[in-house]
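What follows is a short report on a single structure.
Computed from the coordinates by the stated procedures, all read-outs in this text should not be read as laboratory data. This structure is a prediction, so every number in the text was calculated from the model and none was measured. Neighbour counts run over all protein chains shown; Cβ positions are idealised from the backbone, glycine included.
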Amino acid sequence: MAKLSLTKENFRIAPLQADDSILLHKIHKLCFVHAWKKQVFDNFLTDHSIFGYKASPIVQPDKILGFCLCRLILDEAEIITIAVHPHYHRQGVGTLLIDNILLHLQHQRAIKLFLEVEETNLSALSLYQRFEFQKIAKRLAYYPSKNSRTDAIVMQKTFKQID
């Protein structure tokens, strides 16, 4: 699979659609040891409290390079999952997805955004810290791994409300 040169000119970020579930499932399987079933994505994409964005090449709008799902209830949100196809890691896809999630949440006047990240996922931790997420807790043995379980770091971002 050839890598694209990811710039704003050759790919786009768009809202997720209900018919994206099969592609989300495929990317999730590539990114996580214990990936969610397609039915889980079907349920997420029809839940009105959940929204998300996908990154696609302009020349292949039906191809998804990465996605982020988020739940917003009242003024608090959580990133449910974010996944980027391994061929497109460290090319800015995750950054642009989070940028769009944050913009959406600011427009919705969210106050807090939470997420969990595997404590060994240093690139994700670095990404979230660049967006000013703060570590607030640890969940012991939260993530299943191949032979055991690993801890999760709970992180929070607080939005500054501008009236």
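Lys and Arg at +1, Asp and Glu at -1: add these up for the other residues within a Cβ distance under 11 Å of residue 102 and post the number. All intermediate terms of the calculation are to be shown ahead of the outcome.
Values: positive: 157; negative: 99, 132.
With Lys, Arg at +1 and Asp, Glu at -1, the neighbours total -1.
Treat every Asp and Glu Cβ in the chain as -1 and every Lys and Arg Cβ as +1, leave all other atoms uncharged, and give the resulting dipole magnitude about the Cα centre to the nearest 20 debye. Numbers along the way, then the final one.
Details: 21 positive and 16 negative charges, 92 e Å.
Using only the charged Cβ atoms, the result is roughly 440 debye.
In whole Å, largest first, what are the principal axis extents of the Cα atoms in region 1-145?
40, 33, 32
Taking a 31 Å limit on the Cα-Cα distance, which of the listed pairs 37/63; 29/160; 38/160; 63/160; 63/135 fall beyond it? Present the calculation step by step, with values, prior to reporting the outcome.
Numbers: 37/63 19 Å; 29/160 35 Å; 38/160 36 Å; 63/160 35 Å; 63/135 34 Å.
From the list (37/63; 29/160; 38/160; 63/160; 63/135), the Cα-Cα distance tops 31 Å for 29/160; 38/160; 63/160; 63/135.
Okay, helix-only estimate at 222 nm for the chain: each DSSP H run of n ≥ 4 adds -39500 (n - 2.57), divide by all residues, round to 500 deg cm²/dmol; what do you get? Write out the running numbers ahead of the final one.
Details: 4 runs with 43 residues, N = 163.
Computed mean residue ellipticity for the chain: -8000 deg cm²/dmol.
Tell me the net charge near residue 62. Cut-off is 15 Å between Cβ atoms, residue 62 excluded, with +1 for each Lys or Arg and -1 for each Asp or Glu.
Numbers: positive: 12, 26, 54, 63; negative: 19, 20.
Once positives and negatives cancel, what remains is +2.
By a straight-distance test (C-alpha under 18 Å), which aspartates and glutamates pair with residue 54 as possible cross-link partners, with residues fewer than eight away in the same chain excluded?
9, 19, 20, 42, 62, 78, 99
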